[in-house]
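Working notes, structure below.
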Amino acid sequence: MEILYSSTRGGGEPVRASEAILKGLSADGGLFVPDHIPALDKSIEELAGMTYQQVAYQVMKLYLTDFTEEELKNCIDCAYDAKFDTEVIAPLAEADGAYYLELFHGATIAFKDMALSILPHLMITAARKNQVKNEIVILTATSGDTGKAALAGFADVEGTRIIVFYPKDGVSPVQEKQMVTQKGKNTLVVGIHGNFDDAQTGVKKLFSDSGLAEEMREGGFQFSSANSINIGRLVPQICYYVFAYATLVREGKLAAGEKLNVVVPTGNFGNILAAFYARNMGLPIGRLICASNENKVLYDFFRTGAYDRNREFVLTSSPSMDILISSNLERLIYRIAGDDADKNRELMAALSGAGRYEITEEMRAALADFYGNYATEEETAAEIRRLYESCGYVLDTHTAVASTVYGKYLAETEDGTKTVIASTASPFKFTRSVMNAIDAKYDAMGDFELVDELSRLANVPVPRAIEEIRSAPVVHDVQCQVGQMKDVVRRFLKLEQ
Ligand SMILES: *Cc1c(COP(=O)(O)O)cnc(C)c1O
């Protein structure tokens, strides 16, 4: 059955999947949502016999209904190949009674690779299907990991350009080095003087700037988004929850049909929303456990029903979760409002105005499957140390937030349901924070010395992505104020008269 996508804010006509991928964001500022969530049409037993690529096809074909089988399989094969350093693509590691779903084996060693390896292929295929002649300009705000994963995905892809804005003082040194060393003639990396929310709000403004859109058209360009609001990001993320479940069944660790809880370290709410979609497709997921760092807007939201971004922004050791406006939450709000675009629009207007909204009791009742909690900086570091000392398994800071929250959930509920924790980054991406958590003595060491020491401690080879940046030259040094983002874009595309 064909699935069409419409805006969470009710504007415009419903569009096909390929059009939604090209547009990224709806013209009215809303996010595209499928008109219904399709049910898995393969049994768990069948899925348990499949590779990652095969599972991905079974999930994605249900959403991207205007792609042919050949097109979709081609995109999948181009994405999930030797760029990943493990054949299974998303392996599970068992430690201290939980299963860590390692989503960091791609080109940039963070989970964003799971979707951003395939997005460029989906986008080019979508452009071809829709007779798009313009060059596609990917505009992205990043809290660190999206930027590099998008750059790696789109670099030198014919017919595309990519511009990435990141908070100059809000990403880890390794994250920054990864981005500013990015090769590819079609790439631009810009550090802004502001935080991630400033970058994201600035990008959203550019997307809805009709004057700029007109200049772009004249120049032969059109924008699209690689941010997690693009359904071409969301849909590929559903696949690994299905794959993880199927893997546990294949390995005899879970009975087909048995409930499985998932814990997700959350920022923009994309990853956990994908788990929610998987659950609504019929995958036997139990609780959806949403883990936040000290920017605990979501914890407060699940606890009180009020979303309130009016608070101090905290820079933490898990920067990819330092977010006060979780964009993808809008898709959940729309859903629990009963697919009511008017209600959703009203709440989003309150968010952009007063910075706060409150959902109804009825909507809160629809959130019963979610559990939210958070981890402080001290708790996160203690969790890294605890797991290393007890099992020799080294977590990155984001995954450690999730692991901490899982511990709190267990203490509170004594729920014995088997649990998968989404492991969203390699510890090598946040080496200094990770090593300092294990022992303060490491603070004196240099960045790459620490990398080698981590490799020794964790008994894991240094990932290719880190080896590469040891000696790579910096090729991007543009910085700007938030108010100058538009000019930076116009200059890069030579739109200035
Ligand atoms: C992006 C990111 C997250 C947050 O994921 P969302 O989908 O934005 O909630 C968590 N951990 C890491 C390492 C990330 O890169």
Checklist line | Fraction of the pair-distance distribution of the stretch 247-287 above 16 Å, Cα-Cα pairs, percent | finding: 41 percent
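Quick one: compute the contact order of the chain, relative version, from alpha carbon pairs under 8 angstrom and 6+ residues apart, as a percent. Mind dumping the intermediate values first?
Values: 958 pairs, mean separation 90.6, N = 497.
This gives 18 percent for the chain.
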Margin query: For the chain, what does the helix formula give at 222 nm: sum of -39500 (n - 2.57) over DSSP H segments with n ≥ 4, over the residue count, nearest 500 deg cm²/dmol?
Written below: -13500 deg cm²/dmol
Check: Where the only charges are on Cβ atoms (+1 Lys, Arg; -1 Asp, Glu), what is the dipole of the stretch 375-471 about its Cα centre, to the nearest 20 debye?
Finding: 260 debye
Check: What are the residues whose amide H is under 5 Å from the amide H of Ile285, where those residues sit 5 or more places off or on another chain and H is modelled from the backbone?
Finding: Leu260
Margin query: Could you work out the relative contact order of the stretch 397-497? I mean the mean sequence separation of Cα pairs under 8 Å and 6+ apart, divided by the number of residues, in percent.
Written below: 19 percent
Check: For the chain, which span is the longest to avoid every loop-located (per DSSP) member of GluC sites (Glu not before Pro) having at most 13 other Cβ atoms inside 10 Å?
Finding: 313-413
Checklist line | Accessible surface, the stretch 17-136, averaged per residue in Å² (probe 1.4 Å) | finding: 37 Å²
Check: Given H placed 1.01 Å from N in the peptide plane, which residues other than close sequence neighbours of Phe221 have an amide H under 5 Å from its amide H?
Finding: Glu135
Check: the stretch 34-97 to the stretch 418-497: how many Å between their Cα centroids?
Finding: 28 Å
Checklist line | Whether the stretch 227-337 is rounded, prolate or oblate, judged on the alpha carbon gyration tensor where a/c under 1.5 counts as rounded | finding: prolate
Margin query: Spelling out what I want: for every residue of the stretch 200-211, take phi, set θ = phi - 60°, compute 6.51 cos²θ - 1.76 cosθ + 1.60 (Karplus), and round to whole Hz; glycine and proline get x.
Written below: 5, 5, x, 5, 4, 4, 4, 4, 9, 7, 6, x
Margin query: Considering only protein heavy atoms and a probe of 1.4 Å, how much of the accessible area of the chain is carbon and sulfur, as a whole percent?
Written below: 48 percent
Item checked: Computed Rg/Rh of the stretch 450-495, alpha carbon atoms with Kirkwood Rh -> 1.31
Checklist line | Accessible area of the stretch 230-322 divided out per residue, in Å², using a probe of 1.4 angstrom | finding: 25 Å²
Notebook entry, point to check: For the cross-link pairs Lys61/Lys296; Lys168/Lys343; Lys148/Lys205; Lys183/Lys429; Lys183/Lys204; Lys61/Lys204, which exceed 31 Å when the distance is taken from alpha carbon to alpha carbon?
Noted result: Lys61/Lys296; Lys168/Lys343
Checklist line | Residues whose placed amide H lies under 5 Å from that of Ala141, excluding near-sequence neighbours | finding: Phe165
Note to self: Of Met60, Leu40, Ser224, which is farthest towards the positive pole of the chain's charge dipole, taken about the Cα centre with +1 and -1 on the beta-carbons of Lys, Arg and Asp, Glu respectively?
What the structure shows: Ser224
Note to self: Can you report the principal axis dimensions of the stretch 1-99 using only the alpha carbons, biggest first, rounded to whole angstrom?
What the structure shows: 46, 35, 29
Margin query: Shape verdict for the stretch 306-405, please, from the Cα gyration tensor: rounded (a/c under 1.5), prolate (a/b greater than b/c) or oblate.
Written below: prolate
Next item on the list: Work out the charge dipole of the stretch 387-497 with +1 on the Cβ of Lys and Arg and -1 on the Cβ of Asp and Glu about the Cα centre, then indicate which of Gln484, Ala465, Ile438 is farthest towards its positive end.
Entry: Gln484
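Please list Arg309, Arg491, Arg9 in order of solvent-accessible area, largest first, computed with a 1.4 Å probe with all protein chains present.
Numbers: Arg309 75, Arg491 140, Arg9 55 Å².
In descending accessible area the options line up as Arg491, Arg309, Arg9.
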Note to self: Using the Karplus curve 6.51 cos²θ - 1.76 cosθ + 1.60 with θ = phi - 60°, what ³J(HN,Hα) values do you get for each residue of the stretch 5-14, in whole Hz, with x for Gly and Pro?
What the structure shows: 10, 10, 6, 5, 10, x, x, x, 8, x
Check: Which Rg and Dmax, in Å, describe the Cα atoms of the chain?
Finding: 21.2, 65
Notebook entry, point to check: If you put +1 on each Lys and Arg Cβ and -1 on each Asp and Glu Cβ, how big is the dipole of the chain around its Cα centre, in Debye rounded to 20?
Noted result: 700 debye
Next item on the list: With N denoting the number of residues in the stretch 379-473, provide Rg(C-alpha) divided by 2.2 N^0.38 Å, to two decimal places.
Entry: 1.18
Margin query: If you count only protein heavy atoms with a 1.4 Å probe, what accessible area per residue comes out for the stretch 406-460, rounded to a whole Å²?
Written below: 44 Å²
Notebook entry, point to check: Out of Val174, Ala246, Gly202, whose Cα points farthest toward the positive end of the dipole of the stretch 159-296 (charges: +1 Lys, Arg; -1 Asp, Glu; placed on Cβ)?
Noted result: Ala246
Margin query: Once R0 is set to 30 Å, what does the formula 1/(1 + (r/R0)^6) return for the Cβ-Cβ distance between Asp443 and Lys183, expressed as a FRET efficiency to the nearest 0.05?
Written below: 0.40
Check: Which whole-Hz couplings ³J(HN,Hα) result when phi for each residue of the stretch 99-114 is put into the Karplus expression 6.51 cos²θ - 1.76 cosθ + 1.60, θ = phi - 60°, listed in order with x for Gly and Pro?
Finding: 9, 8, 8, 7, 9, 10, 9, x, 4, 10, 6, 9, 5, 4, 4, 4
Note to self: Quick check: net charge around Val15, other residues with Cβ under 13 Å of its Cβ, Lys/Arg +1 and Asp/Glu -1?
What the structure shows: -3
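The values are calculated or read from the model by the stated rules, or taken from the named source; none is laboratory data. Please read all numbers here as calculations on a predicted model, not as lab measurements. Backbone-built Cβ (ideal geometry, glycine too); neighbour counts: all protein chains shown. The area values use the complete protein model at the heavy-atom level, side chains included, leaving out ligands, DNA and RNA. Shrake-Rupley method; radii C 1.70, N 1.55, O 1.52, S 1.80 Å.
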